[in-house]
Amino acid sequence: MAVLELVNISKHFGAIQAVTDVSLSLNRGEVVGLMGDNGAGKSTLVKMIAGNFRPSQGTMRLDGAEIVLHRPVEARQHGIEIVYQDLALCDNLTAAANVFLGREIRRGIGPLSILDYKAMYRRAGEIFKELKSETPPRDFVRQMSGGQRQAVAIARTMLSDAKIVLMDEPTAAISVRQVAEVLNLIRALRDRGIAVVLISHRMPDVFTVADRVIVMRRGRKVADKAIEQSSPEEVTGLITGAIEQV
Amino acid sequence: MAITLDRAVGQRDRGWLSFLFASQAFWVLIAVILACLFLSVATDSFATAKNLYNITRNFTFVAIIALGMTLVIITGGIDLSVGSVLCLSSMVLAVVMHAGYGIEVGIAASIGTALLAGAFNGVMIAYLGFPPFVITLGMLSIARSLAMVASNNTVVFEFGPDHDALLALGGGAWFFGIANPVLYMIVLALVTGFVLRWTKFGRYVFAIGGNEHAARLTGVPVRRIKVIVYMISALAAGIAGIVQTGWLGAVTTNIGAGMELQVIAAAVIGGANLAGGVGTASGALIGAALIEVIRNSLGLLGINAFWQGAFIGGAIVLAVLFDRIRNFRQSE
Ligand SMILES: Nc1ncnc2c1ncn2[C@@H]1O[C@H](COP(=O)(O)OP(=O)(O)O)[C@@H](O)[C@H]1O
Ligand SMILES: [Mg+2]
């Protein structure tokens, strides 16, 4: 059964129609590549799934039950995690502090509880190790490389038992070696049964890890097919509009 | 994998010594200590009980308010209304006690007034999106005006039945002969330092200053935290006002005038970054101490008092310059 279903979802910002009538479903342990030109509505679509925006129209079903998300926290409570395009990191905090931002581990009771630095450093270190990333939990994000920053943002999604992880251009600003790391991480998530949505401009990334590719153009979904039944040429055509729809 | 988990987790990016050397407050503290040593040797009048008493008097009130201001500055905001809020709180305390109410009622009314002023600032900034500079500038004007209205612009120096209790609260020395305002300052600094380092609230204050957008996306209650931060700033001004009233034994409607600039200077010299995201409680105290030592030393060294502003301004510029150079080195 599909873990997430979108039915006729639309979103407009005032006069701007960002997403129009998109329906799709996500299955457990599936990696879906979401492609499209700048402004096609990819970020807006995943932000609706992540609870950042309320859809103007349409419904969302999680495990068959309809859900309405008002805030990102609610999406997270449902097991939906997102890695934002701009990563949303605080440069003045450590890697561990960023990983746990909004979900700090504390010790003590009630109003007397204090931040548990040790536990957060340890857990963040474990997650970075799982990600095979050499990111020191105590280092400030300000001093970090693009790949390390990416690891910090992705590590956040691994704090809880996520069902769905949404990644908005995780491989846009990092080196080739680091891209391979991120793709490995995506496979690791998939192997745990997590559904991953990967927004990317990089054709090779999508054709390497994705099981399925969805193409958007001007807010509409113009293709949704298994990766082996498509080709980079076809996807390019769909993105540019040379191919109308499949 | 090149590094083991334990090493990665245990690894500090810098040792505590280099951490200290990279801290602006540390260097300012060194400057304060050197200045004090120099003044003790160079003048007969610096290291006297009376002069040290004067220094602490002037410095503690600025320092107490600078603690609250530091929180505001860490979130990337500013509070220009603290001097006026100090005046208004003092005046509310004075007027209420003068009318015959007890000290508890006076303090409750005074603190309540300060919190209201802070909540107004905070709500306008966090929920209605006004720039902190503008709103708190408005409050600067409003609060002092209200203080004048409350007192009909007179001096209040009789505080009703609890007159002596109030003077003891501000002017006494209840603990090992340390002046009460100094005790309050130390306690408040410890509380502020604790909150910043060990609580979720403190973590969020830094997160908002570092990247407000990111903080909001990750579920930090940004607006609520901001309102609380401005309330804390006003509360610090209110507490300073109450203590100062007891210390001076009189309230006029011009107390605290221009104090906001000293307070902001203290926070910035102590390492708080006006761009947000950086600041410490100890820095607020040390910054306030440096300003007071500069002021005091000019008098003792026989330098024209008109030079005061130039030296304090110079210290601010130096502090910011120091920060620039450090950032420059880091980004290389
Ligand atoms: N918060 C917003 N307010 C107004 N318009 C927006 C907002 N977010 C996105 N848009 C608009 O919606 C359209 C789709 O944007 P987006 O989802 O970011 O595209 P993509 O991620 O595919 O590049 C664009 O025209 C963009 O300008
Ligand atoms: Mg986008």
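The values are calculated or read from the model by the stated rules, or taken from the named source; none is laboratory data. Remember, it's a predicted structure, so these values are computed and weren't measured experimentally. Cβ placement follows ideal geometry from the backbone for every residue including glycine, while neighbour counts extend to all protein chains displayed. Calculation scope for accessible area: heavy atoms of the full protein, side chains included, ligands and nucleic acids excluded. Shrake-Rupley method; radii C 1.70, N 1.55, O 1.52, S 1.80 Å.
Return the only residue of B:282, B:297 being open to solvent by 30 Å² or more (accessible area, probe 1.4 Å) and of a type outside the set (D, E, K, R). When all the criteria are applied, what remains is B:282.
Only one of the listed residues (B:142, B:125) is part of a helix (DSSP H, G or I) and in contact with a Pro (Cβ under 7 Å, 6 or more places away or on another chain). That residue is B:125. Within segment A:159-171, can you find the residues that are open to solvent by less than 20 Å² (accessible area, probe 1.4 Å) and more than 16 Å from ligand 2 (Cβ to nearest atom)? A:162, A:164, A:165 - these are the residues of segment A:159-171 that are open to solvent by less than 20 Å² (accessible area, probe 1.4 Å) and more than 16 Å from ligand 2 (Cβ to nearest atom). Scan segment A:39-58 and tell me whether some residue there is surrounded by fewer than 16 Cβ atoms within 10 Å (Cβ to Cβ) and within 16 Å of ligand 2 (Cβ to nearest atom). Yes, some residue in segment A:39-58 is surrounded by fewer than 16 Cβ atoms within 10 Å (Cβ to Cβ) and within 16 Å of ligand 2 (Cβ to nearest atom). Every listed requirement among (1) open to solvent by 20 Å² or more (accessible area, probe 1.4 Å); (2) facing chain B (nearest Cβ under 10 Å) is met by residue A:181 save one, (2). Against the condition under 15 Å from the mean Cα position of the chain (by Cα) and within 24 Å of residue A:200 (Cα to Cα), how does residue A:60 come out, does it pass? Criteria not met by residue A:60. Residues that are away from every other protein chain (no Cβ under 14 Å) and of a type in the set (Val, Ile, Thr) within segment B:176-227 comprise B:178, B:182, B:186, B:187, B:192, B:227, listed in sequence order. Residues considered: B:245, B:252. Of these, the only one that is buried (at least 24 other Cβ atoms within 10 Å of the Cβ) and among the polar types (S, T, N, Q) is B:245.
Going by the conditions given, is residue B:249 in contact with a helix residue (DSSP H, G or I) (Cβ under 8 Å, 6 or more places away or on another chain) and modelled with pLDDT under 95? Here the answer is yes, as residue B:249 does meet what is asked. Residues in segment A:172-209 that are modelled with pLDDT under 85, under 20 Å from residue A:49 (Cβ atoms) and within 16 Å of ligand 1 (Cβ to nearest atom): A:172 alone. Of the helices (runs of 4 or more DSSP H) lying entirely inside segment B:176-242, the ones with 3 or more residues being of a type in the set (Val, Ile, Thr) and open to solvent by 20 Å² or more (accessible area, probe 1.4 Å) are found at B:180-198. Within segment A:201-240, can you find the residues that are touching a helix residue (DSSP H, G or I) at 6+ places or on another chain (Cβ under 7 Å) and of a type in the set (Gly, Ala, Ser)? Result: A:210, A:223. Considering segment A:106-152, and only residues there that are crowded, with 16+ Cβ neighbours inside 10 Å and small (Gly, Ala, Ser), the residue that is nearest to residue B:191 (Cα to Cα) turns out to be A:124. In the set (1) surrounded by fewer than 15 Cβ atoms within 10 Å (Cβ to Cβ); (2) at pLDDT below 95, the condition left unmet by residue B:141 is number (2). Just one of the listed residues (A:34, A:6, A:69, A:24) is within 13 Å of ligand 2 (Cβ to nearest atom) and either crowded, with 22+ Cβ neighbours inside 10 Å or within 19 Å of the chain's Cα centre (by Cα) (or both), namely A:34.
Is one or more of the residues making up segment A:232-243 more than 16 Å from ligand 1 (Cβ to nearest atom), farther than 21 Å from residue A:5 by Cα and outside any helix (DSSP H, G or I)? Checking segment A:232-243: at least one residue is more than 16 Å from ligand 1 (Cβ to nearest atom), farther than 21 Å from residue A:5 by Cα and outside any helix (DSSP H, G or I).
Scanning segment B:31-44 for residues being in a loop (DSSP other than H, G, I, E, B) and open to solvent by 50 Å² or more (accessible area, probe 1.4 Å) gives a total of 1. Is it true that some residue in segment B:85-102 is under 24 Å from residue B:315 (Cβ atoms), surrounded by 22 or more Cβ atoms within 10 Å (Cβ to Cβ) and modelled with pLDDT of 90 or more? Checked segment B:85-102: at least one residue is under 24 Å from residue B:315 (Cβ atoms), surrounded by 22 or more Cβ atoms within 10 Å (Cβ to Cβ) and modelled with pLDDT of 90 or more. Regarding residue B:133, is this residue under 21 Å from the mean Cα position of the chain (by Cα), more than 14 Å from chain A (Cβ to nearest Cβ) and open to solvent by 70 Å² or more (accessible area, probe 1.4 Å)? It is true that residue B:133 is under 21 Å from the mean Cα position of the chain (by Cα), more than 14 Å from chain A (Cβ to nearest Cβ) and open to solvent by 70 Å² or more (accessible area, probe 1.4 Å). Determine if segment A:85-103 includes at least one residue that is open to solvent by 30 Å² or more (accessible area, probe 1.4 Å), within 16 Å of ligand 1 (Cβ to nearest atom) and within 30 Å of residue B:198 (Cβ to Cβ). The answer is yes; a qualifying residue exists. Filtering segment A:198-231 to residues that are β-branched (Val, Ile, Thr) and part of a helix (DSSP H, G or I) leaves A:206, A:208, A:209, A:227. Within segment B:105-125, does at least one residue satisfy the condition of being touching a strand residue (DSSP E or B) at 6+ places or on another chain (Cβ under 9 Å) and modelled with pLDDT of 90 or more? Checked segment B:105-125: no residue is touching a strand residue (DSSP E or B) at 6+ places or on another chain (Cβ under 9 Å) and modelled with pLDDT of 90 or more.
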